[in-house]
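The structure under discussion appears below in the form of structure tokens.
The values are calculated or read from the model by the stated rules, or taken from the named source; none is laboratory data. Because the structure is predicted, anything quoted here is derived from the model rather than measured. Positions of Cβ are backbone-derived with ideal geometry, glycine not excepted, and every protein chain shown enters the neighbour counts.
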């Protein structure tokens, strides 16, 4: 560990943090019960409510990454033996199934081919066939394929006994997501993608009815660390009951990233992501790359792309990293070895990123 | 959030990081599969092996705080219905019981009064009475009382079928701890106490026989996020199978803290902690404060102390924070409302911290 490796991070996350977020990391460390730290957490909860589009009281960052946010929601809402309907059209839908079933839930899968959107009607049908399902989970932005699933078509779940759980890991801050308007009951994301902070925190929000479900549990949450009820008591309840030694360092950085996002305006930031992602996709197609996500269901912040015939993804990706310091991600699952995943997220969602990447690609495949 | 709050952190942790650790936070973010990041994690594993005193291959930092490290060990080693013997003489012994029983284990408690050490013979007797116990867990340094439990008296467990699990949250880096010499099978700690880095990572190490136990499981670990088998495959196995988006930011800081510690030399750092803690305890007693930990079993890095008659702990503690920016912790459990917990850990384990605190206390209680 000598020279500071400096990457342009255009993979599936982390993205390059906003400079303000990096600067905030060097603020002096606060204790996890310091009044200034607890006030900071209240401010972050307010920022997150705006970004999530919610008035949910239980809104907080879990001390972990996106998978910790996912597990916190599933573990806190599902009791052993309860049923979870999961939409699966990519790697992270599969992960939802795995985490839920490890936790003891019975998983009902609703699938679509990778690259295709989940048909909302099939999800709603699955709920009608399983009205006792505790929750229905869907990934808003599939990081493995670049597919945008239509969460806004699932609002009628709120009229059933089934909670709507949404993975917004790649969605939050990068494209439209409206927790209250879309009647989402539980939603989690990450600090290091479209929010423009370093990795380490997983923002989570629960609707009042999700909180009721959690409070009505008869079996305690199996995980102590990821029990959202305990995290609520620590961060948000007036007693601030000690739970774990949360990191003020990461909190400061998340605050700074969110402040920058909200200064720009969340709709403006969505539009910036849409603009640069559109430019990239157009330029890729012109060069013979393929888009894995079907038309009409493409994310702008994450593009999964197959390479033109005759190009070998791994050595080319390694050259991008070694020669130009540009990171893109490899394919996952059935696209491993034959695709890239290109993120334009947060501070890196800039035209400069697009021209840098295209310039490098042209030089390499030229 | 305007002016940068700057504390002298003399509570039960976090402590003030080494300046090198703070500086390292501002290094550019790396992707979680970047070759430079994976090389950094290999370097950190090597540093941790020295600090833990082990040659265990499975040595890595969990992406979470100490409670995540605790839960990762318990969840990865215990299958539902298995028996765990837990030594309980403070808050964190209780937490071990809670985490184990939430996870579905049957807990056998061996208790001692808060402030007293756990009698090793009683722990060994409990194992003889429960030879089928999967593990026996004990807190090396009880952060709630300042008691040092004698882990080195439990080496004979290695000749039984019961694994020895040690909570080294406050111990690691601050006082003698020898994983291999003491035949410890599983041990976890934190970045933010005697290692001198900010919070967010929980170093963990498993002995080969603990790894065997984990690999022989018939039921998958209930937690995906805290499954040490998956974390091994990600960090240490040559395939580096993606698991979660680990934070290079926290890793750089941990590396820098550990480098500073190892430059000084771990025995030298232990001695520094012993020296300043001894000075503090002597000075406290002279002022009429009481030491909660029994003689012969006192930690130097963490002192739990009752206040002289007539002094009200909470307002005095608040004044320390507000007037001097010095944080000490309040009592936990039966000592809530009538004790302080004073940490002298890592970079803050200096004579300057002792004189600062004593000067402030003298000024306040006059």
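Points worth noting:
- Of all the residues in the stretch B:32-61, those that are outside any loop (DSSP other than H, G, I, E, B) and facing chain A (nearest Cβ under 9 Å) number 6.
- Flag not set for residue A:304, criterion: surrounded by 20 or more Cβ atoms within 10 Å (Cβ to Cβ) and within 30 Å of residue B:65 (Cα to Cα).
- Filtered residues of the stretch A:280-299 (kept if within 26 Å of residue A:151 (Cα to Cα) and crowded, with 17+ Cβ neighbours inside 10 Å): A:280, A:281, A:291, A:292, A:293, A:297, A:298, A:299
- Meets criteria (within 18 Å of residue B:68 (Cβ to Cβ), surrounded by fewer than 22 Cβ atoms within 10 Å (Cβ to Cβ), at pLDDT 95 or above and within 14 Å of chain B (Cβ to nearest Cβ)) for residue A:225: no
- Some residue of the stretch A:18-31 being touching a strand residue (DSSP E or B) at 6+ places or on another chain (Cβ under 9 Å), within 28 Å of residue A:221 (Cβ to Cβ) and assigned by TED's automatic domain parsing to the domain that holds residue A:120: yes
- Filter result for residue B:84 (more than 9 Å from every other protein chain (Cβ to nearest Cβ) and within 26 Å of residue A:219 (Cβ to Cβ)): yes
- On the stretch given as the stretch B:242-262, residues that are surrounded by fewer than 22 Cβ atoms within 10 Å (Cβ to Cβ) and either touching a strand residue (DSSP E or B) at 6+ places or on another chain (Cβ under 7 Å) or more than 11 Å from chain A (Cβ to nearest Cβ) (or both) total 2.
- Options B:93, B:69; residue that is within 11 Å of chain A (Cβ to nearest Cβ), in contact (Cβ under 8 Å) with a residue 40 or more places away in the chain, surrounded by 19 or more Cβ atoms within 10 Å (Cβ to Cβ) and touching a strand residue (DSSP E or B) at 6+ places or on another chain (Cβ under 6 Å): B:69
- None of A:126, A:153, A:181 is modelled with pLDDT of 95 or more, over 15 Å from the mean Cα position of the chain (by Cα) and more than 30 Å from residue A:258 (Cα to Cα) except A:126.
- Some residue of the stretch B:229-236 being under 30 Å from residue A:92 (Cα atoms), in contact with a helix residue (DSSP H, G or I) (Cβ under 6 Å, 6 or more places away or on another chain) and more than 8 Å from chain A (Cβ to nearest Cβ): yes
- Residue in the stretch A:76-85 that is under 25 Å from residue A:242 (Cβ atoms), modelled with pLDDT of 95 or more and crowded, with 24+ Cβ neighbours inside 10 Å present: yes
- Whichever residue in the stretch A:263-274 is part of a helix (DSSP H, G or I) and surrounded by fewer than 16 Cβ atoms within 10 Å (Cβ to Cβ) and, among such residues, is nearest to the other protein chains (Cβ to nearest Cβ): A:263
- Residues (over 24 Å from residue B:300 (Cβ atoms), in contact with a helix residue (DSSP H, G or I) (Cβ under 8 Å, 6 or more places away or on another chain) and more than 7 Å from chain A (Cβ to nearest Cβ)) located in the stretch B:1-31: B:23, B:24
- Whichever residue in the stretch B:96-113 is within 9 Å of another protein chain (Cβ to nearest Cβ) and within 20 Å of the chain's Cα centre (by Cα) and, among such residues, is farthest from residue B:220 (Cα to Cα): B:98
- Residues in the stretch B:192-238 that are within 30 Å of residue B:24 (Cα to Cα), touching a residue at least 40 places away in the same chain (Cβ under 8 Å) and either touching a strand residue (DSSP E or B) at 6+ places or on another chain (Cβ under 6 Å) or not in a loop (DSSP other than H, G, I, E, B) (or both): B:201, B:202, B:203, B:204, B:205, B:206, B:228, B:229, B:231, B:232, B:235.
- The test for being assigned by TED's automatic domain parsing to the domain that holds residue B:99 and within 15 Å of the chain's Cα centre (by Cα) does not hold for residue B:236.
- Residue selected from the stretch A:321-353 under the condition part of a helix (DSSP H, G or I) and surrounded by 22 or more Cβ atoms within 10 Å (Cβ to Cβ), by the criterion modelled with the lowest pLDDT: A:335
- Taking (1) more than 24 Å from residue A:240 (Cα to Cα); (2) in a loop (DSSP other than H, G, I, E, B); (3) assigned by TED's automatic domain parsing to the domain that holds residue A:190 in turn, residue A:3 satisfies each apart from (3).
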